[in-house]
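As structure tokens, the structure follows; a few thoughts come after it.
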Amino acid sequence: MQDVSKAMIARLVGFDTVSRRSNMALIDWVRDYLAGYGVESRLVPSPDGAKANLFATIGPMTEGGVVLSAHTDVVPVDGQPWDTDPFTLVERDGRLYGRGTADMKSFPAVALALLPEILEAGLKRPLHLALSYDEEVGCIGAPAMIARIAHELPRPSAVIVGEPTSMGVVLAHKGCYVLRTTVTGHEVHSSQIDRGVSAVMTAARLVTLVGDMAAENAAAAAPACGFDPPFTTLQVGTIEGGTAANITARHCSFVWDIRPLPGDDWTRYRDRFEAECERLRAAMRRISPDCDIRTEQLAGVPGLAPEPDGPAAQLCHALTGRNDTGMVSFAAEAGQFQEAGLSTVLCGPGSIDQAHQPNEYIDVTQVTACEGFLRDLVRRLAA
């Protein structure tokens, strides 16, 4: 591993870009760094201007280039028992520790560290860098940037999303759809429950339905599909409601998600859920017309369908020297690039096993492998 790569990883890790905060300090730094080498970048700000995506082109404005994609945000460290400052890179026993080392600042850091070499290589086809915001909270930022890339840049031949895959080639990931359901009941003294509607008890019936659908999918699992677990999953992550033990709850809200296999239409689960909501709502309103059940979609990420013969897969097989492929159950921005018509795979340094953990780390050997991978890519683009 080159010291310049380690220094760049340290620089990016040093920006506290937990999703609830702005990523502008990192984006501005990257923009200035690129400008120092004469590389122009374009920003795609969030609606409120507090965050931004960045994309830049190194080399000629011609078709057939490759996009290196990474998200700049990281998950929180609150309550995690870290041994060191999460936002200060620490090297120990062949590992680099810090929030984002695995997921996923090392990939763009290596690309930025190699920028002088890339510029000297004399690219015949371009290398595009794409950095997004708010991936960790539903891949919210990338779609606007992807639309700009599709509209403003010569068509790339491949997109490599550098999520931690231990530098293996991952051809597919599940989707992720996050929803919040809010139940409005009718408050009365709990001794008069027949005159009230408990939002908590109604929500519990809906939570049970989510669990039932999940259990049905698990029972019909298809291990040959390549995913772990090999079925579409559903789960409830948070729930809150009620005010006291002797009051039928007026309010209850829960957040749940659906992670469908590619090709499994997530809306069939939503529609089944809504049908039950309609049945319950009618019964609730016979007691009080103010009762209601409303569900809003908080995030939606399409899955990445495998394209084993696609340009991105063929390119990464050639660069890694490996013919094996994988599939992952976490969602990523790769499905969004594919939805825009771009051949896309996941391939990046580090392991998802270390992502989101206290004392997150990446093995130095993974950084070295990423350097070799990107150098080989540059040689191909210069050929």
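For the reader, a short list of remarks on this structure follows.
- Residue in segment 235-242 that is in a loop (DSSP other than H, G, I, E, B), hydroxyl-bearing (Ser, Thr, Tyr) and either under 24 Å from Ile293 (Cα atoms) or in contact (Cβ under 8 Å) with a residue 24 or more places away in the chain (or both) present: no
- Pro164 vs. criteria of a type outside the set (Asp, Glu), out of contact with any Cys (no Cβ under 9 Å at 6 or more places or on another chain) and open to solvent by 10 Å² or more (accessible area, probe 1.4 Å): no
- Within segment 140-157, the residues that satisfy the criterion of being surrounded by 22 or more Cβ atoms within 10 Å (Cβ to Cβ) and touching a Pro at 6+ places or on another chain (Cβ under 9 Å) are Ile149, Pro156.
- Listed conditions (1) farther than 16 Å from Cys139 by Cα; (2) part of a helix (DSSP H, G or I); (3) of a type outside the set (A, V, I, L, M); (4) open to solvent by 20 Å² or more (accessible area, probe 1.4 Å) are all met by Phe373, apart from (4).
- Considered as a group, the residues in segment 343-365 that are crowded, with 24+ Cβ neighbours inside 10 Å and not hydrophobic (A, V, I, L, M, F, W, C) include one that is farthest from Lys174 (Cα to Cα), and that residue is Glu360.
- Looking only at residues of segment 41-99 that are at positive phi and within 23 Å of the chain's Cα centre (by Cα), we find that the one that is most open to solvent (accessible area, probe 1.4 Å) is Gly79.
- Going through (1) within 18 Å of Ala214 (Cα to Cα); (2) crowded, with 19+ Cβ neighbours inside 10 Å; (3) not hydroxyl-bearing (Ser, Thr, Tyr) one by one, Gly263 falls short only on (2).
- Any hit, segment 5-12, residues being free of Cβ contacts under 8 Å to residues at least 24 places away in the same chain and either among the charged types (D, E, K, R) or open to solvent by 10 Å² or more (accessible area, probe 1.4 Å) (or both): no
The values are calculated or read from the model by the stated rules, or taken from the named source; none is laboratory data. Quick caveat, the model's predicted, so the values are computed rather than measured. Every residue, glycine as well, gets a Cβ built from its backbone with ideal geometry; the counts of neighbours run over all protein chains shown. SASA here: full protein model, heavy atoms, side chains in, ligands and nucleic acids out. Shrake-Rupley method; radii C 1.70, N 1.55, O 1.52, S 1.80 Å.
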